[in-house]
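What follows is a short report on a single structure.
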Amino acid sequence: MAEAKNDPFAMPNSQNILGMDPSQLNETFRSMTQKSMEQSKEAYGRMKAAADEATKALESTMENVHQGSLQLSKKAIDAMRTNAELGFAHLDSMMSAKSFAEVIEMQTAYVRKQVEMATDQAKEMQTLTQAVAQDMMKPGREAFQKASKTAAEPVR
């Protein structure tokens, strides 16, 4: 007992060096561990939800890209078909020309119509391309906005 009185680290009433009762220390450690586990589970849940959202956004984006590609291809094929049909119709009408002046007149009208049609087709393709790009970007933009809101939420 004399040694315990001379020991500067000895604590009365069975307390340890931190000045806490060992049973309180165990309870504090258990509480901290439980809180850490809860926070880890919550962080995992958020990461899993974010990964699921990213997967959905990617799948949706790929579907939009596929559909947009089909729309653009169809529009291009329609334009080529229209141009070919007009070209054949022009050749047929050229065969019925009775003079060189009539050929020049038909050719001039055909070229003018081709330029107008090419301009209209280019505008249609541009409009469709912009719409496809917007549709393609929409899932990613929505996922980013949702993730930004989630990231701005306070951590519990």
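The table below lists the values:
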item	result
Whichever lysines have a C-alpha closer than 20 Å to that of Lys74, once near sequence neighbours (fewer than 8 apart) are set aside	Lys123
Residues of the stretch 74-91 with amide N under 13 Å of the 7 Å Cα→Cβ point at Ala118	83
Rounded to the nearest 10 Å², the accessible area of Glu105 at probe 1.4 Å	130
Point-to-point label distance, Met125-Leu58, nm (Cα→Cβ direction, 7 Å offset)	3.2
Accessible area of Glu59 in the full protein assembly, 1.4 Å probe (Å², nearest 10)	120
Whole-Hz ³J(HN,Hα) from phi, Karplus 6.51 cos²θ - 1.76 cosθ + 1.60, for the stretch 30-46, glycine and proline x	4, 5, 5, 5, 5, 5, 4, 5, 4, 5, 5, 4, 5, 5, 4, x, 5
In Hz, Karplus ³J(HN,Hα) per residue of the stretch 60-76 (6.51, -1.76, 1.60; θ = phi - 60°; x = Gly, Pro)	5, 4, 5, 5, 5, 4, 4, 5, x, 4, 4, 4, 5, 5, 4, 4, 5
Solvent-accessible area, 1.4 Å probe, carbon plus sulfur percent, for the stretch 13-131	62
Size of charge dipole - the stretch 65-156 - debye, nearest 20, with Cβ of Lys, Arg +1 and Asp, Glu -1, no other charges	600
Extreme residue, positive dipole direction of the stretch 72-118, given options Ser93, Gln107, Ala76 (C-beta unit charges)	Ala76
Distance between modelled label sites at Tyr44 and Asp78, nm, 7 Å Cα→Cβ extension	5.2
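The values are calculated or read from the model by the stated rules, or taken from the named source; none is laboratory data. Bear in mind the structure is a predicted one, so any value in this text is a computation, not a measurement. Every residue, glycine among them, receives a Cβ derived from its backbone with ideal geometry; neighbour counts consider all protein chains shown. Heads up: the accessible areas ignore ligands, DNA and RNA and are worked out on the full protein's heavy atoms, side chains in. Shrake-Rupley method; radii C 1.70, N 1.55, O 1.52, S 1.80 Å.
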